[in-house]
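The next block holds one structure in the form of structure tokens; read it before the comments.
The values are calculated or read from the model by the stated rules, or taken from the named source; none is laboratory data. Since the model is a prediction, treat every value here as computed from it, not as a measurement. Don't worry about glycine lacking a Cβ; one is built from the backbone with ideal geometry, like all the others, and counts go over all protein chains shown. Surface accessibility is based on the protein's heavy atoms, side chains included, excluding ligands, DNA and RNA. Shrake-Rupley method; radii C 1.70, N 1.55, O 1.52, S 1.80 Å.
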Amino acid sequence: MTVKAFGAHAADKPLVAMDIFRRAPGPHDVEIAIAYCGVCHSDLHTVRGEWGGTQYPCVPGHEIVGHVTAVGDQVTGFKVGETVGVGCMVDSCKHCHACDDGLEQYCENGFTGTYNGPTPDAPGHTLGGYSQKIVVKDSFVLKVRHAEDQLAAVAPLLCAGITTWSPLRHWNVGPGKKVGIVGIGGLGHMGVKLAHALGAQVVAFTTSPDKRQDALDLGADEVVVSKNPEEMAAHTRSFDFILNTVAASHNLDAYTTLLKLDGTMCLVGAPEHPHPSPSVGVLIFGRRSIAGSLIGGIKETQEMLDFCAEHGITADIEMIKAQEIDAAYERMLKSDVKYRFVIDTASMGVS
Ligand code: NAP
Ligand code: ZN
């Protein structure tokens, strides 16, 4: 089947309307009419070739919510009409240690990304959620239990939500823990909401003084404008855990010095250019760690979605038309997003 999509033909070209192919559902496939798709900074990094290896045409989008329109004859978990989500992965080997542990994002044979991943389908690489429909293997489809009128604001949970949830859970963030969230963008604003909901003391770090009140409203107990050295110094050696979501290269020592003994800063931001080397002295005087984390497994993504439905948590979004994606990217680069753009796929026209 042919559906309408938005994508780029080259790294230096804007996103344009295009027709793309979707396979007919196989026995284990779920066909989904996409209602909304969030706009992640990873979409921008990929479309503009900042990480290398982008295949064109590139149709990004891995924060997908929609409704099931068809299922394969072996699918038992989903019905036509059901509300579902798809995140950053559409396949993995399902037989390595990581997959056995429900950590498909660390699949030893490589997971298949929702876009720019290998597939036998035309054109030979996966095409993502900036499109009207997608066909996905049932084991990579998530159940969405939020109310229908919240669906646009649920879409960002499929990447920004799980990418912050997974490390917060892995490093046991909860009551009695002091947690920093660095960068109040799409990921960071979810990090603040989720760390707060998990019961931690939350400090938001931002380079944008105008986000101070917003960060408090999102659930931060305190906000630090990171350009202000005195505000930073007041938190020296005090954090159990810091989640760094910043999309650009920056000085990590400014944050590792804020960790207490045995504290960890986990990087989830994946900038185009490397960070300056962290100071070894700051790490060894305090047995501090710098770690990394990649999205989250399917099981924990479902747990996160259910937790958010139960606690009334969604993203703070600005809805856009597909034709506005490039302008949204430019605003994202200026940290001018409050706090996730979401594409209304109705703007793509009828196929
Ligand atoms: P985003 O919405 O653009 O937010 C990034 C935030 O970082 C900005 O809003 C800004 O917050 C801060 N920032 C930007 N430039 C900065 C600079 N030069 N110095 C300090 N702070 C700066 O991006 P996102 O969608 O949240 O994604 C963030 C990063 O995570 C991207 O690199 C993305 O590719 C990556 N990512 C990783 C994973 C993973 O699995 N690890 C998953 C998804 C995304 P303030 O205005 O508050 O300073
Ligand atoms: Zn993402």
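With respect to VAL47, is the statement that it is closer than 21 Å to GLY185 by Cα and crowded, with 18+ Cβ neighbours inside 10 Å true?
yes
Please specify each residue of the range 202-241 satisfying the condition of being under 23 Å from ARG340 (Cα atoms), among the acidic types (Asp, Glu) and outside any helix (DSSP H, G or I).
Of everything in the range 202-241, those that are under 23 Å from ARG340 (Cα atoms), among the acidic types (Asp, Glu) and outside any helix (DSSP H, G or I) turn out to be ASP221, GLU222.
Among the residues of the range 334-351 satisfying the criterion of being modelled with pLDDT of 95 or more and within 16 Å of ligand 2 (Cβ to nearest atom), which is farthest from ASP43 (Cα to Cα)?
The selected residue is TYR339.
Which of the numbered conditions does GLY53 fail, given that it passes all the others? Conditions: (1) assigned to a loop (DSSP other than H, G, I, E, B); (2) open to solvent by less than 20 Å² (accessible area, probe 1.4 Å).
(2)
Is it the case that SER208 is touching a Ser or Thr at 6+ places or on another chain (Cβ under 6 Å), over 22 Å from THR301 (Cβ atoms) and not assigned by TED's automatic domain parsing to the domain that holds ALA33?
When the stated conditions are applied, SER208 passes them.
Quick one: in the range 23-44, of everything that is of a type outside the set (A, V, I, L, M) and away from ligand 2 (no atom under 16 Å from the Cβ), which residue is surrounded by the fewest Cβ atoms within 10 Å (Cβ to Cβ)?
Filtering first and then ranking leaves PRO27.
GLY85: within 16 Å of ligand 2 (Cβ to nearest atom) and crowded, with 20+ Cβ neighbours inside 10 Å, yes or no?
yes
Can you tell me which of GLY176, GLY199 is open to solvent by 50 Å² or more (accessible area, probe 1.4 Å), assigned to a loop (DSSP other than H, G, I, E, B), more than 9 Å from ligand 1 (Cβ to nearest atom) and of a type outside the set (A, V, I, L, M)?
Residue meeting the stated conditions: GLY176.
Run LYS299 past the list (1) under 30 Å from HIS146 (Cβ atoms); (2) outside any helix (DSSP H, G or I) and report the number of the one that doesn't hold.
Going through (1) under 30 Å from HIS146 (Cβ atoms); (2) outside any helix (DSSP H, G or I) one by one, LYS299 breaks only (2).
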